Amino acid sequence: MSVSRIRTSVTVTGHTQMVGLLGWPVEHTISPAMHNAAFAALGMDWCYVPFAVPPARLKEALRGVSALGLRGMNATVPHKQALVHLVDELSPEARAIGAVNTLLMGDKIRGHNTDASGFLRALSEAHMSEADTALILGAGGAARAVGYALLSRGTRLVILNRTGERATALASDLRKALPGPQVDASVLRPETLAACAPRVDLIVNTTIVGMSPQAGECPWPSEVAYPGSVPLFDLIYTPRETRLMALARQSGARAANGLGMLVHQGAEAFRLWTGTEPPVDAMREACQDALEEG
(Lines give C-alpha, C1' and ligand atoms only; values in the text may rest on other atoms or scores of the structure.)
Protein backbone atom coordinates (compact mmCIF):
# COMPACT_ATOMS: atom_id res chain seq x y z
CA MET A 1 0.00 0.00 0.00
CA SER A 2 1.36 3.43 -0.88
CA VAL A 3 2.26 5.77 1.95
CA SER A 4 -0.24 8.36 0.77
CA ARG A 5 -3.07 5.87 1.22
CA ILE A 6 -2.23 5.04 4.84
CA ARG A 7 -4.63 7.70 6.01
CA THR A 8 -7.84 7.07 4.09
CA SER A 9 -9.81 9.17 6.57
CA VAL A 10 -8.76 11.77 9.13
CA THR A 11 -10.05 11.63 12.70
CA VAL A 12 -10.18 15.13 14.12
CA THR A 13 -10.47 15.63 17.87
CA GLY A 14 -10.00 18.47 20.28
CA HIS A 15 -6.30 17.60 20.38
CA THR A 16 -5.75 17.72 16.61
CA GLN A 17 -3.36 20.44 15.44
CA MET A 18 -4.64 22.21 12.33
CA VAL A 19 -2.77 23.73 9.41
CA GLY A 20 -3.98 24.54 5.93
CA LEU A 21 -3.85 26.46 2.69
CA LEU A 22 -5.16 29.89 1.69
CA GLY A 23 -5.82 30.20 -2.05
CA TRP A 24 -8.35 31.16 -4.72
CA PRO A 25 -9.19 28.68 -6.11
CA VAL A 26 -7.94 25.59 -4.21
CA GLU A 27 -9.77 22.76 -5.98
CA HIS A 28 -6.65 21.73 -7.87
CA THR A 29 -4.27 21.56 -4.90
CA ILE A 30 -2.53 18.33 -3.91
CA SER A 31 -0.96 19.87 -0.79
CA PRO A 32 -3.54 18.27 1.56
CA ALA A 33 -2.61 14.80 0.26
CA MET A 34 1.09 15.61 0.68
CA HIS A 35 0.92 16.96 4.22
CA ASN A 36 -1.70 14.57 5.58
CA ALA A 37 0.42 11.66 4.32
CA ALA A 38 3.41 13.15 6.14
CA PHE A 39 1.46 13.43 9.39
CA ALA A 40 0.21 9.86 9.00
CA ALA A 41 3.69 8.52 8.28
CA LEU A 42 4.97 10.04 11.54
CA GLY A 43 1.85 9.20 13.57
CA MET A 44 1.16 12.88 14.27
CA ASP A 45 -2.29 14.12 15.29
CA TRP A 46 -2.28 16.94 12.76
CA CYS A 47 -4.58 17.76 9.83
CA TYR A 48 -4.15 19.94 6.73
CA VAL A 49 -7.21 21.58 5.13
CA PRO A 50 -7.52 23.88 2.08
CA PHE A 51 -9.51 27.12 2.39
CA ALA A 52 -10.84 28.96 -0.66
CA VAL A 53 -10.49 32.67 0.18
CA PRO A 54 -11.28 35.40 -2.34
CA PRO A 55 -8.69 38.20 -2.41
CA ALA A 56 -11.11 40.76 -0.98
CA ARG A 57 -11.50 38.67 2.19
CA LEU A 58 -7.85 37.70 2.79
CA LYS A 59 -7.30 40.11 5.68
CA GLU A 60 -10.49 38.91 7.33
CA ALA A 61 -9.52 35.26 6.78
CA LEU A 62 -6.11 35.85 8.34
CA ARG A 63 -7.71 37.20 11.50
CA GLY A 64 -9.97 34.14 11.59
CA VAL A 65 -7.07 31.73 11.20
CA SER A 66 -5.29 33.40 14.10
CA ALA A 67 -8.39 33.48 16.30
CA LEU A 68 -9.15 29.80 15.67
CA GLY A 69 -5.70 28.71 16.81
CA LEU A 70 -4.38 27.09 13.64
CA ARG A 71 -0.65 26.38 13.87
CA GLY A 72 0.25 27.58 10.40
CA MET A 73 -0.84 28.05 6.82
CA ASN A 74 0.44 27.83 3.29
CA ALA A 75 -0.53 30.47 0.76
CA THR A 76 -0.84 30.13 -2.97
CA VAL A 77 -2.10 32.20 -5.92
CA PRO A 78 -3.21 34.98 -5.67
CA HIS A 79 -2.32 35.70 -2.03
CA LYS A 80 1.48 35.42 -1.78
CA GLN A 81 2.35 39.05 -2.44
CA ALA A 82 -0.64 40.51 -0.56
CA LEU A 83 0.37 38.69 2.62
CA VAL A 84 3.64 40.63 2.76
CA HIS A 85 1.62 43.62 3.96
CA LEU A 86 -0.65 41.69 6.33
CA VAL A 87 1.72 39.71 8.57
CA ASP A 88 3.43 40.97 11.71
CA GLU A 89 6.94 39.81 10.80
CA LEU A 90 8.71 38.71 7.63
CA SER A 91 11.62 36.32 7.23
CA PRO A 92 14.58 37.79 5.32
CA GLU A 93 13.75 35.57 2.32
CA ALA A 94 10.10 36.61 2.24
CA ARG A 95 11.04 40.28 2.51
CA ALA A 96 13.63 40.03 -0.27
CA ILE A 97 11.39 38.00 -2.58
CA GLY A 98 8.32 40.11 -1.83
CA ALA A 99 6.06 37.10 -1.35
CA VAL A 100 4.86 34.85 1.49
CA ASN A 101 3.93 31.21 0.96
CA THR A 102 4.08 29.95 4.56
CA LEU A 103 2.63 31.43 7.75
CA LEU A 104 3.72 30.51 11.26
CA MET A 105 0.99 31.40 13.74
CA GLY A 106 1.49 32.39 17.37
CA ASP A 107 1.56 35.61 19.36
CA LYS A 108 2.57 37.15 16.05
CA ILE A 109 1.93 36.02 12.49
CA ARG A 110 5.28 35.40 10.81
CA GLY A 111 5.54 35.22 7.04
CA HIS A 112 8.09 32.93 5.39
CA ASN A 113 8.95 31.97 1.84
CA THR A 114 10.00 28.35 1.31
CA ASP A 115 9.78 28.46 -2.50
CA ALA A 116 13.39 29.57 -2.95
CA SER A 117 14.92 26.87 -0.77
CA GLY A 118 12.50 24.30 -2.22
CA PHE A 119 13.60 25.23 -5.73
CA LEU A 120 17.29 24.89 -4.88
CA ARG A 121 16.79 21.46 -3.30
CA ALA A 122 14.81 20.29 -6.33
CA LEU A 123 17.43 21.71 -8.69
CA SER A 124 20.13 19.78 -6.86
CA GLU A 125 18.07 16.58 -7.08
CA ALA A 126 17.79 17.11 -10.83
CA HIS A 127 21.59 17.58 -11.08
CA MET A 128 21.19 21.09 -12.50
CA SER A 129 22.86 23.14 -9.76
CA GLU A 130 26.00 24.12 -11.65
CA ALA A 131 24.95 27.11 -13.75
CA ASP A 132 26.86 30.35 -14.29
CA THR A 133 24.00 31.98 -16.22
CA ALA A 134 20.30 31.11 -16.15
CA LEU A 135 17.40 32.17 -18.35
CA ILE A 136 14.08 32.67 -16.53
CA LEU A 137 10.87 32.66 -18.57
CA GLY A 138 8.24 34.73 -16.79
CA ALA A 139 8.27 37.50 -14.20
CA GLY A 140 5.53 36.58 -11.71
CA GLY A 141 5.70 35.42 -8.10
CA ALA A 142 7.38 32.13 -8.95
CA ALA A 143 10.04 33.94 -10.98
CA ARG A 144 10.78 36.12 -7.95
CA ALA A 145 11.53 33.09 -5.78
CA VAL A 146 13.56 31.35 -8.49
CA GLY A 147 15.52 34.51 -9.29
CA TYR A 148 16.32 35.13 -5.64
CA ALA A 149 17.39 31.51 -5.17
CA LEU A 150 19.72 31.53 -8.17
CA LEU A 151 21.21 34.93 -7.33
CA SER A 152 21.95 33.68 -3.83
CA ARG A 153 24.14 31.04 -5.49
CA GLY A 154 25.96 33.66 -7.59
CA THR A 155 24.21 32.80 -10.88
CA ARG A 156 23.79 35.54 -13.47
CA LEU A 157 20.22 35.97 -14.74
CA VAL A 158 18.40 36.81 -17.94
CA ILE A 159 14.66 37.39 -17.41
CA LEU A 160 12.32 37.30 -20.40
CA ASN A 161 8.62 38.04 -20.02
CA ARG A 162 5.73 38.72 -22.37
CA THR A 163 5.35 42.12 -20.69
CA GLY A 164 8.74 43.78 -20.70
CA GLU A 165 7.88 46.22 -17.91
CA ARG A 166 7.30 43.37 -15.45
CA ALA A 167 10.61 41.77 -16.39
CA THR A 168 12.43 45.07 -15.88
CA ALA A 169 10.71 45.66 -12.53
CA LEU A 170 11.61 42.17 -11.31
CA ALA A 171 15.23 42.59 -12.39
CA SER A 172 15.40 45.88 -10.49
CA ASP A 173 13.93 44.34 -7.33
CA LEU A 174 16.36 41.42 -7.47
CA ARG A 175 19.36 43.70 -7.91
CA LYS A 176 18.32 45.59 -4.78
CA ALA A 177 17.75 42.40 -2.80
CA LEU A 178 21.02 40.73 -3.80
CA PRO A 179 23.50 43.13 -5.39
CA GLY A 180 26.31 41.35 -7.14
CA PRO A 181 25.53 39.00 -10.02
CA GLN A 182 24.34 40.55 -13.27
CA VAL A 183 20.57 40.61 -13.94
CA ASP A 184 19.28 41.48 -17.42
CA ALA A 185 15.67 41.71 -18.56
CA SER A 186 13.80 42.01 -21.83
CA VAL A 187 10.58 41.15 -23.65
CA LEU A 188 9.99 37.49 -24.50
CA ARG A 189 10.15 37.64 -28.30
CA PRO A 190 11.60 35.13 -30.78
CA GLU A 191 14.54 37.39 -31.57
CA THR A 192 15.49 38.06 -27.93
CA LEU A 193 15.12 34.39 -27.03
CA ALA A 194 17.20 33.28 -30.01
CA ALA A 195 19.93 35.74 -29.03
CA CYS A 196 20.25 34.85 -25.35
CA ALA A 197 19.30 31.16 -25.07
CA PRO A 198 22.55 29.76 -26.53
CA ARG A 199 24.55 31.75 -23.95
CA VAL A 200 22.98 30.28 -20.80
CA ASP A 201 23.63 27.14 -18.76
CA LEU A 202 20.10 26.63 -17.41
CA ILE A 203 16.56 27.49 -18.50
CA VAL A 204 13.73 27.79 -15.95
CA ASN A 205 10.11 28.13 -17.03
CA THR A 206 8.10 29.91 -14.32
CA THR A 207 5.08 30.66 -16.52
CA ILE A 208 1.86 28.62 -16.48
CA VAL A 209 1.92 28.21 -20.27
CA GLY A 210 1.61 24.47 -20.90
CA MET A 211 -0.12 23.68 -17.60
CA SER A 212 -3.25 21.50 -17.64
CA PRO A 213 -5.88 22.02 -18.95
CA GLN A 214 -3.89 23.94 -21.62
CA ALA A 215 -1.24 21.22 -21.83
CA GLY A 216 -0.89 21.61 -25.59
CA GLU A 217 0.59 25.10 -25.30
CA CYS A 218 4.28 26.00 -25.10
CA PRO A 219 6.04 29.23 -24.06
CA TRP A 220 8.90 28.56 -26.48
CA PRO A 221 8.24 30.07 -29.95
CA SER A 222 8.18 27.42 -32.67
CA GLU A 223 10.55 29.43 -34.88
CA VAL A 224 13.34 29.36 -32.27
CA ALA A 225 15.43 26.21 -31.94
CA TYR A 226 15.96 24.90 -28.41
CA PRO A 227 19.66 25.40 -27.52
CA GLY A 228 21.02 21.87 -27.62
CA SER A 229 21.83 20.31 -24.27
CA VAL A 230 21.00 23.29 -22.01
CA PRO A 231 19.02 21.73 -19.10
CA LEU A 232 15.43 22.79 -18.47
CA PHE A 233 13.60 23.06 -15.15
CA ASP A 234 9.86 23.57 -15.75
CA LEU A 235 7.95 24.55 -12.61
CA ILE A 236 4.77 22.97 -14.03
CA TYR A 237 3.99 19.46 -12.73
CA THR A 238 0.61 18.87 -14.42
CA PRO A 239 1.15 17.38 -16.93
CA ARG A 240 4.29 15.59 -15.80
CA GLU A 241 5.92 16.29 -19.16
CA THR A 242 5.07 19.59 -20.82
CA ARG A 243 5.58 20.36 -24.48
CA LEU A 244 8.57 22.47 -23.48
CA MET A 245 10.10 19.54 -21.61
CA ALA A 246 9.57 17.29 -24.62
CA LEU A 247 11.23 19.91 -26.84
CA ALA A 248 14.24 20.08 -24.53
CA ARG A 249 14.61 16.29 -24.44
CA GLN A 250 14.40 16.09 -28.23
CA SER A 251 17.33 18.52 -28.36
CA GLY A 252 19.41 16.31 -26.07
CA ALA A 253 18.82 18.27 -22.85
CA ARG A 254 17.86 17.03 -19.42
CA ALA A 255 14.45 18.22 -18.27
CA ALA A 256 12.70 18.19 -14.89
CA ASN A 257 9.22 19.23 -13.83
CA GLY A 258 8.16 21.16 -10.73
CA LEU A 259 7.05 18.27 -8.53
CA GLY A 260 10.35 18.26 -6.63
CA MET A 261 10.00 21.96 -5.86
CA LEU A 262 6.45 21.42 -4.60
CA VAL A 263 7.62 18.63 -2.30
CA HIS A 264 10.64 20.46 -0.93
CA GLN A 265 8.89 23.78 -0.31
CA GLY A 266 6.20 21.77 1.51
CA ALA A 267 8.84 19.93 3.51
CA GLU A 268 10.36 23.21 4.66
CA ALA A 269 6.91 24.48 5.71
CA PHE A 270 6.44 21.22 7.64
CA ARG A 271 9.71 21.87 9.52
CA LEU A 272 8.63 25.40 10.42
CA TRP A 273 5.22 24.31 11.75
CA THR A 274 6.19 21.16 13.60
CA GLY A 275 9.90 21.43 14.41
CA THR A 276 10.13 17.88 13.07
CA GLU A 277 12.11 16.52 10.12
CA PRO A 278 9.56 15.73 7.37
CA PRO A 279 9.21 12.34 5.66
CA VAL A 280 10.06 13.64 2.20
CA ASP A 281 9.65 10.27 0.46
CA ALA A 282 6.13 9.90 1.85
CA MET A 283 5.28 13.42 0.72
CA ARG A 284 6.58 12.78 -2.79
CA GLU A 285 4.69 9.49 -3.09
CA ALA A 286 1.49 11.17 -1.91
CA CYS A 287 1.85 13.83 -4.61
CA GLN A 288 2.47 11.24 -7.29
CA ASP A 289 -0.58 9.24 -6.19
CA ALA A 290 -2.75 12.36 -6.10
CA LEU A 291 -1.69 13.31 -9.62
CA GLU A 292 -2.41 9.84 -10.92
CA GLU A 293 -5.83 9.77 -9.27
CA GLY A 294 -6.62 13.28 -10.49
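The values are calculated or read from the model by the stated rules, or taken from the named source; none is laboratory data. Treat the numbers as computed from the prediction; the structure is a model and nothing was measured. Using ideal geometry, Cβ is built from the backbone for each residue, glycine included, and neighbour counts are taken over all protein chains shown. For the accessible areas, the whole protein counts, side chains as well, though only heavy atoms, and no ligand, DNA or RNA atoms are used. Shrake-Rupley method; radii C 1.70, N 1.55, O 1.52, S 1.80 Å.
With respect to the conditions (1) surrounded by fewer than 17 Cβ atoms within 10 Å (Cβ to Cβ); (2) under 26 Å from residue 170 (Cα atoms); (3) more than 16 Å from the chain's Cα centre (by Cα), residue 63 lacks only one, and its number is (2).
Of all the residues in segment 1-25, those that are surrounded by 15 or more Cβ atoms within 10 Å (Cβ to Cβ), of a type in the set (Gly, Ala, Ser), under 28 Å from residue 64 (Cα atoms) and at pLDDT below 70 number 0.
Give the residue that is surrounded by the fewest Cβ atoms within 10 Å (Cβ to Cβ), with candidates limited to residues of segment 41-57 that are out of contact with any strand residue (DSSP E or B) (no Cβ under 9 Å at 6 or more places or on another chain) and at negative phi. Full working, then the answer.
Restricting attention to segment 41-57, the residues satisfying the condition of being out of contact with any strand residue (DSSP E or B) (no Cβ under 9 Å at 6 or more places or on another chain) are 41-43, 54-57.
Subsequent filtering for residues that are at negative phi retains 41-42, 54-57.
Working: 41: 19, 42: 15, 54: 12, 55: 10, 56: 8, 57: 11.
Filtering first and then ranking leaves 56.
Residues that are assigned to a loop (DSSP other than H, G, I, E, B), open to solvent by 30 Å² or more (accessible area, probe 1.4 Å) and among the aromatic types (Phe, Trp, Tyr): does segment 231-241 have at least one? Yes, because at least one residue in segment 231-241 is assigned to a loop (DSSP other than H, G, I, E, B), open to solvent by 30 Å² or more (accessible area, probe 1.4 Å) and among the aromatic types (Phe, Trp, Tyr). Please tell me if residue 249 is under 30 Å from residue 29 (Cα atoms), in contact with a strand residue (DSSP E or B) (Cβ under 7 Å, 6 or more places away or on another chain), of a type in the set (D, E, K, R) and surrounded by fewer than 16 Cβ atoms within 10 Å (Cβ to Cβ). Answer is yes for this residue. Within segment 128-155, the set of residues being more than 16 Å from residue 92 (Cα to Cα), of a type in the set (S, T, N, Q) and free of Cβ contacts under 8 Å to residues at least 60 places away in the same chain comprises 129, 155.
Going through (1) hydrophobic (A, V, I, L, M, F, W, C); (2) closer than 24 Å to residue 112 by Cβ; (3) at pLDDT 95 or above one by one, residue 225 falls short only on (2).
More than 24 Å from residue 34 (Cα to Cα) and either part of a strand (DSSP E or B) or of a type in the set (S, T, N, Q) (or both): does that describe residue 103? Lay out the reasoning, then the answer.
Numbers: more than 24 Å from residue 34 (Cα to Cα): no; either part of a strand (DSSP E or B) or of a type in the set (S, T, N, Q) (or both): yes.
Judged against the criteria, residue 103 is not a match.
Evaluate the following for residue 206: is it of a type outside the set (Phe, Trp, Tyr), surrounded by 21 or more Cβ atoms within 10 Å (Cβ to Cβ) and more than 17 Å from residue 142 (Cα to Cα)? Write out each step before concluding.
Values: of a type outside the set (Phe, Trp, Tyr): yes; surrounded by 21 or more Cβ atoms within 10 Å (Cβ to Cβ): yes; more than 17 Å from residue 142 (Cα to Cα): no.
Spelling it out, it is not the case that residue 206 is of a type outside the set (Phe, Trp, Tyr), surrounded by 21 or more Cβ atoms within 10 Å (Cβ to Cβ) and more than 17 Å from residue 142 (Cα to Cα).
For segment 242-294, name all the residues that are hydroxyl-bearing (Ser, Thr, Tyr) and part of a helix (DSSP H, G or I). Within segment 242-294, just 274 meets the criteria. Please work out if residue 228 is touching a residue at least 12 places away in the same chain (Cβ under 8 Å) and at positive phi. It is true that residue 228 is touching a residue at least 12 places away in the same chain (Cβ under 8 Å) and at positive phi.
Per-residue answers, yes or no, for (1) at pLDDT 95 or above; (2) crowded, with 21+ Cβ neighbours inside 10 Å; (3) closer than 30 Å to residue 73 by Cβ; (4) touching a His at 6+ places or on another chain (Cβ under 8 Å):
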| residue | (1), (2), (3), (4) |
| --- | --- |
| 191 | yes, no, no, no |
| 201 | yes, no, no, no |
| 218 | yes, no, no, no |
| 265 | yes, yes, yes, no |
| 280 | yes, no, yes, yes |
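Could you list, in sequence order, the residues of segment 101-136 that are among the small types (Gly, Ala, Ser), touching a Leu at 6+ places or on another chain (Cβ under 7 Å) and crowded, with 19+ Cβ neighbours inside 10 Å?
Selection gives 111, 131, 134.
Checked against the criterion of being open to solvent by less than 40 Å² (accessible area, probe 1.4 Å) and at pLDDT below 95, segment 153-163 contains not a single residue that satisfies it.
Among the conditions (1) touching a strand residue (DSSP E or B) at 6+ places or on another chain (Cβ under 8 Å); (2) free of Cβ contacts under 8 Å to residues at least 12 places away in the same chain, residue 60 misses just one, which is (1).
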